[in-house]
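Chemist: To start, I am sharing the structure in question, which I have written as structure tokens.
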Amino acid sequence: MIGTGYVGLTTGACFAHLGHDVVCADIDVDKVRRLQKGDVPIHEAGLEELVREGLESGRLSFVVDSADAVGDADFVYLCVPTPQSGDGSVDLKHLKAAAAEISAHIRHGAIVVNKSTVPVGSTLLVEEAMNRPDIAVVSNPEFLREGTAVTDFLSPDRVVIGADDPAVADRVADLHRSIGAPVMITDPASAETIKYAANAFLATKLSFVNTIAAVCEAVGADVGDVLAAMGLDKRIGGEFLVPGPGWGGSCFPKDTRAIISMAEDAGYDFSLMRGVLKANDEQFKRVVNKAASAVSLNGSTVALLGLAFKAGTDDTRNSPALEIAGLLLAEGAKVRAYDPAVATVDIDEIVVVDDPYAACEGAAVLVVATEWDEFRLLDLDKISEAMVSRHVVDARNILDREALLSRGFTYQGIGRN
Ligand code: UGA
């Protein structure tokens, strides 16, 4: 495994769990040292247990130099970051550098597997960067969600392999045989597109859900009932139908922009996707407008519950909570935030405290941005005592509306009046 981020580390630990011998390489020396001791730097359910199991069994090891990782390998997985460039396209410098670096050390007959989310043509790009015609390169996109990455790896809906040579694809598919997942073998360009199309569709579904929530508010319908009934239609499906403050994270914002950019480069204006992004930006603003309708934000303190982009992770990359905090600060509000998994953020003006009631101290309005279970169990009387006025914007629809109303709070959820 080249790269020990969410994807490389989960993939490596899971393959070791399945009985393969895995060596993970990362250029971050401190991280490698921590991992060698079984100390996992990210909040990911079940991952630390698998890393320790792999270290104890001797099937999993960590090294700094990628040359040490690939020398004996039959398969080399590229799991390096593919950040967004200024123009929305994908920056492939890490992928090219990793490919060039391993090239001289890979043994004849090995297979290089592109796991990073990369635009169409990247399989070819890795082939060119390696300049090793004897080495096959395949695309094998990941579909792991943060927070449930281990179970997503071990019980996937599908494994997608894009290869020009069916025999090579079969060898990669064999690595997954024991988990009995449906395997789809296709060409590299289709495999690369599948990943973007899946994330673009899911983001579209969520923007649709959030805009339907706005329609529900406007016409006096209840979004919970509307979506529950919609989800019973098998063509729609009941998953990924929860309205919220807008979607975020390290993948959807980057991948939706990348598919727009990729399509544009190929001469297609993906206007639907641009609308999906616009709806998401509007959703962040709608949450702030709800707070502004309750109190004058300028000079007021807002208690923000949640900083992670969703529950179950400590990741704040492109978090809707931070988007909302930024808009609140721009309106002149002071933001006091609490998240059970996040102790610091990059925005200095946000005061991060270590207790939800401390976040509410002196607050005029409470905004729930992340759906942590512990927020469902808050002592509302303590919240009420801590705040200077009783207003709640529940952007995850997780608080007990009736209990809040009975204590004199105003309550605004998403898609329900
Ligand atoms: C997403 C995809 O779900 C994975 O399949 C994919 O592999 C991954 O990106 C990736 O490309 O690596 P992830 O970013 O971990 O996974 O997060 P999701 O669980 O998809 O959530 C994304 C955002 O949508 C979050 O802000 C979440 O709160 C929001 N969301 C999700 C909702 O608002 N409502 C829902 O019903 C589901």
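The values are calculated or read from the model by the stated rules, or taken from the named source; none is laboratory data. Small disclaimer: the values here were computed from a predicted structure and weren't measured. All Cβ positions, glycine included, derive from the backbone under ideal geometry; neighbour counts span all protein chains shown.
Chemist: Which condition from (1) of a type in the set (A, V, I, L, M); (2) outside any loop (DSSP other than H, G, I, E, B); (3) away from the ligand (no atom under 16 Å from the Cβ) is the one that ALA221 breaks?
Modeler: The single condition ALA221 does not satisfy is (2).
Chemist: Among what's in the stretch 118-163 and is modelled with pLDDT of 95 or more and of a type in the set (Ser, Thr, Tyr), pick the residue that is surrounded by the most Cβ atoms within 10 Å (Cβ to Cβ).
Modeler: Step by step, filter the stretch 118-163, then rank; the result is SER139.
Chemist: If you don't mind, another one. Can ILE2 be described as modelled with pLDDT under 95 and not small (Gly, Ala, Ser)?
Modeler: No, not satisfied.
Chemist: Inspect all residues belonging to the stretch 162-178 and state whether any of them is within 26 Å of GLU49 (Cβ to Cβ), over 22 Å from the mean Cα position of the chain (by Cα) and not in a helix (DSSP H, G or I).
Modeler: The answer is yes, given that some residue of the stretch 162-178 is within 26 Å of GLU49 (Cβ to Cβ), over 22 Å from the mean Cα position of the chain (by Cα) and not in a helix (DSSP H, G or I).
Chemist: Next question, about the same structure. Give the number of residues within the stretch 28-69 that are at pLDDT 95 or above, under 27 Å from VAL138 (Cβ atoms) and of a type in the set (A, V, I, L, M, F, W, C).
Modeler: Number of matching residues: 9.
Chemist: Of (1) out of contact with any strand residue (DSSP E or B) (no Cβ under 6 Å at 6 or more places or on another chain); (2) without any contact (Cβ under 8 Å) to a residue 60 or more places away in the chain, GLU323 satisfies all except one. Which?
Modeler: For GLU323, the failing item is (2).
Chemist: Something else about it: Quick check: anything in the stretch 193-206 surrounded by fewer than 15 Cβ atoms within 10 Å (Cβ to Cβ), under 30 Å from LEU277 (Cα atoms) and not β-branched (Val, Ile, Thr)?
Modeler: Residues of the stretch 193-206 that are surrounded by fewer than 15 Cβ atoms within 10 Å (Cβ to Cβ), as a first pass: 197, 201.
Going one step further and asking which of them are under 30 Å from LEU277 (Cα atoms), we end up with 197, 201.
If we keep only those that are not β-branched (Val, Ile, Thr) as well, we get 197, 201.
Yes, the stretch 193-206 contains at least one residue that is surrounded by fewer than 15 Cβ atoms within 10 Å (Cβ to Cβ), under 30 Å from LEU277 (Cα atoms) and not β-branched (Val, Ile, Thr).
Chemist: With surrounded by fewer than 19 Cβ atoms within 10 Å (Cβ to Cβ), under 21 Å from ASP152 (Cβ atoms), more than 15 Å from the ligand (Cβ to nearest atom) and modelled with pLDDT of 95 or more as the only criterion, which of VAL215, VAL172, VAL183 stands out? First the steps, then the outcome.
Modeler: Details: VAL215 fails: under 21 Å from ASP152 (Cβ atoms); VAL172 fails: surrounded by fewer than 19 Cβ atoms within 10 Å (Cβ to Cβ).
Just one listed residue meets the conditions, VAL183.
Chemist: Continuing with this model, one more query. For the subset of the stretch 280-302 comprising residues that are of a type outside the set (Asp, Glu) and surrounded by fewer than 18 Cβ atoms within 10 Å (Cβ to Cβ), which member is nearest to the ligand (Cβ to nearest atom)?
Modeler: Initial filter on the stretch 280-302 (of a type outside the set (Asp, Glu)): 280, 283-302.
In the following step, the residues that additionally are surrounded by fewer than 18 Cβ atoms within 10 Å (Cβ to Cβ) were identified as 285, 289, 293, 296, 298-299.
Working: LYS285: 16, ASN289: 18, SER293: 22, SER296: 28, ASN298: 28, GLY299: 30 Å.
Only one residue fits best here, namely LYS285.
Chemist: Residue by residue through the stretch 369-385, note down the ones that are within 16 Å of the ligand (Cβ to nearest atom) and aliphatic (A, V, I, L, M).
Modeler: Within the stretch 369-385, just ALA369 meets the criteria.
Chemist: Going through the stretch 343-358 one residue at a time, which ones are within 12 Å of ALA325 (Cβ to Cβ) and not acidic (Asp, Glu)?
Modeler: Of the stretch 343-358, the ones within 12 Å of ALA325 (Cβ to Cβ) are 345-352.
Of everything in the stretch 343-358, those that are within 12 Å of ALA325 (Cβ to Cβ) and not acidic (Asp, Glu) turn out to be VAL345, ILE347, ILE350, VAL351, VAL352.
Chemist: Name the strands (runs of 3 or more DSSP E) wholly within the stretch 50-114 that hold at least 1 residues that are crowded, with 24+ Cβ neighbours inside 10 Å and among the β-branched types (Val, Ile, Thr)?
Modeler: On the way: elements: 60-63, 75-78, 111-114.
Because the criterion is at least 1 residues that are crowded, with 24+ Cβ neighbours inside 10 Å and among the β-branched types (Val, Ile, Thr), the strands (runs of 3 or more DSSP E) in the stretch 50-114 that meet it are 75-78, 111-114.
Chemist: Also, quick follow-up: Can you find even one residue in the stretch 200-207 that is closer than 24 Å to ALA16 by Cβ and part of a helix (DSSP H, G or I)?
Modeler: Going residue by residue through the stretch 200-207, those that are closer than 24 Å to ALA16 by Cβ are none.
No, there is no match, as no residue in the stretch 200-207 is closer than 24 Å to ALA16 by Cβ and part of a helix (DSSP H, G or I).
Chemist: Taking ALA311 as the residue in question, decide whether it is buried (at least 20 other Cβ atoms within 10 Å of the Cβ), of a type in the set (A, V, I, L, M) and touching a residue at least 24 places away in the same chain (Cβ under 8 Å). Spell out how you get there, then give the answer.
Modeler: Numbers: buried (at least 20 other Cβ atoms within 10 Å of the Cβ): no; of a type in the set (A, V, I, L, M): yes; touching a residue at least 24 places away in the same chain (Cβ under 8 Å): yes.
Criteria not met by ALA311.
Chemist: Please determine whether any residue of the stretch 148-168 is charged (D, E, K, R) and either closer than 14 Å to ALA189 by Cβ or away from the ligand (no atom under 15 Å from the Cβ) (or both).
Modeler: Narrowing the stretch 148-168 to residues charged (D, E, K, R): 152, 157-158, 164-165.
Retained after the next criterion (residues that are either closer than 14 Å to ALA189 by Cβ or away from the ligand (no atom under 15 Å from the Cβ) (or both)): 164-165.
The answer is yes; a qualifying residue exists.
Chemist: Another one. I'm checking my understanding of the structure. Among residues of the stretch 224-241 that are closer than 30 Å to VAL90 by Cβ and surrounded by fewer than 16 Cβ atoms within 10 Å (Cβ to Cβ), which one is farthest from the ligand (Cβ to nearest atom)?
Modeler: So the first thing to find is which residues in the stretch 224-241 are closer than 30 Å to VAL90 by Cβ, and the list is 237, 239-241.
Okay, now just the ones that are also surrounded by fewer than 16 Cβ atoms within 10 Å (Cβ to Cβ), so 237, 239-240.
Values: GLY237: 11, GLU239: 7, PHE240: 4 Å.
Residue satisfying both the conditions and the ranking: GLY237.
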